[in-house]
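Written below as structure tokens is the structure these notes are about.
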Amino acid sequence: DVELELETEPNGSGGGSDGAGGRAAEKPRKHDSGAADLERVTDYAEEKEIQSSNLETAMSVIGDRRSREQKAKQEREKELAKVTIKKEDLELIMTEMEISRAAAERSLREHMGNVVEALITLTN
């Protein structure tokens, strides 16, 4: 529609046919209504303000959640570090699955050193 209106506007001013003249007359109305709608939207957005207390509360909630997630992640890493794994199992996973030592070690630790479970998880 927009492309047609743009193409008919020059023809309407030069040709003066009724079909093109009608479309040219419709274009300003569409533009005005769009501008009015835009003004209503911007007026609404300008009237609405963010209260600083709400912002501070939201920021503290986000900060608390991040710290809890970080603590849980650190505790999980400590638990995984305690798991003992066999060197042979690690090398088996590395060669069979063609993955890095770190990925193989992580998989073994997550499965408490059980090589079969680690391999099953890596194949799925």
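The values are calculated or read from the model by the stated rules, or taken from the named source; none is laboratory data. Note that the structure is predicted; figures quoted are calculated from it, not measured. Because the Cβ atoms are built from the backbone with ideal geometry, glycine has one as well, and the counts that use them run over all protein chains shown. Only protein heavy atoms, including side chains, enter the accessible area calculation; ligands, DNA and RNA are left aside. Shrake-Rupley method; radii C 1.70, N 1.55, O 1.52, S 1.80 Å.
If we scan the stretch 55-63, do we find a residue that is among the polar types (S, T, N, Q) and either in contact with an Asp or Glu (Cβ under 8 Å, 6 or more places away or on another chain) or open to solvent by 50 Å² or more (accessible area, probe 1.4 Å) (or both)?
Step one: of the stretch 55-63, the residues among the polar types (S, T, N, Q) are 57, 60.
Now drop any that are not either in contact with an Asp or Glu (Cβ under 8 Å, 6 or more places away or on another chain) or open to solvent by 50 Å² or more (accessible area, probe 1.4 Å) (or both), which leaves 57, 60.
The answer is yes, given that some residue of the stretch 55-63 is among the polar types (S, T, N, Q) and either in contact with an Asp or Glu (Cβ under 8 Å, 6 or more places away or on another chain) or open to solvent by 50 Å² or more (accessible area, probe 1.4 Å) (or both).
Which of the numbered conditions does Ile85 fail, given that it passes all the others? Conditions: (1) open to solvent by less than 90 Å² (accessible area, probe 1.4 Å); (2) part of a helix (DSSP H, G or I).
Single failed check for Ile85: (2).
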